[in-house]
Amino acid sequence: MPRFALLAILAFLLCAAPALAAPTCQDRNGTTIRCGAPDAMPPGWTLPPEEFNRRQAELHNKTNPDTILEAVVVIALFLVGIALLPEFDGRRNEDWEG
């Protein structure tokens, strides 16, 4: 009986149809974007590698101080929220009663 179950599972897995994914498109900068979006290029279009590398280098060289400030504020608020949590170690009965 175990051989039959193993064989049935194996047959089930081998007969499963593979899932097909939707095509991906790129925008003018060479980044992946959903096909049909306003800035999407036709499916199959790719940016030449040297142009892609040049544009990606330009995008990564731009640092935005506002983005860094937002990240610091979000992390600080998260840590303040953790610091304001009440003490809870689960050893006392009062910890478990509402």
Within the range 80-96, the count of residues that are surrounded by 10 or more Cβ atoms within 10 Å (Cβ to Cβ) and either among the aliphatic types (A, V, I, L, M) or in contact (Cβ under 8 Å) with a residue 40 or more places away in the chain (or both) comes to 0
Scanning the range 11-33 residue by residue, the ones that are in contact with a strand residue (DSSP E or B) (Cβ under 7 Å, 6 or more places away or on another chain) and not acidic (Asp, Glu) total 5
Among Pro42, Pro18, Pro86, the single one that is touching a Cys at 6+ places or on another chain (Cβ under 8 Å) and assigned to a loop (DSSP other than H, G, I, E, B) is Pro42
Picked from the range 64-76 (must be surrounded by 10 or more Cβ atoms within 10 Å (Cβ to Cβ) and of a type outside the set (Val, Ile, Thr)), the residue farthest from Thr24 (Cα to Cα) is Ala76
In the range 46-63, anything among the aliphatic types (A, V, I, L, M) and surrounded by fewer than 10 Cβ atoms within 10 Å (Cβ to Cβ) is listed as Ala57
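All of the numbers you see were taken from the coordinates with simple rules; none came from a lab. Computed from a predicted structure; not experimentally measured. For neighbour counting, all protein chains shown are included, and Cβ atoms are generated from backbone atoms with ideal geometry for every residue, glycine included.
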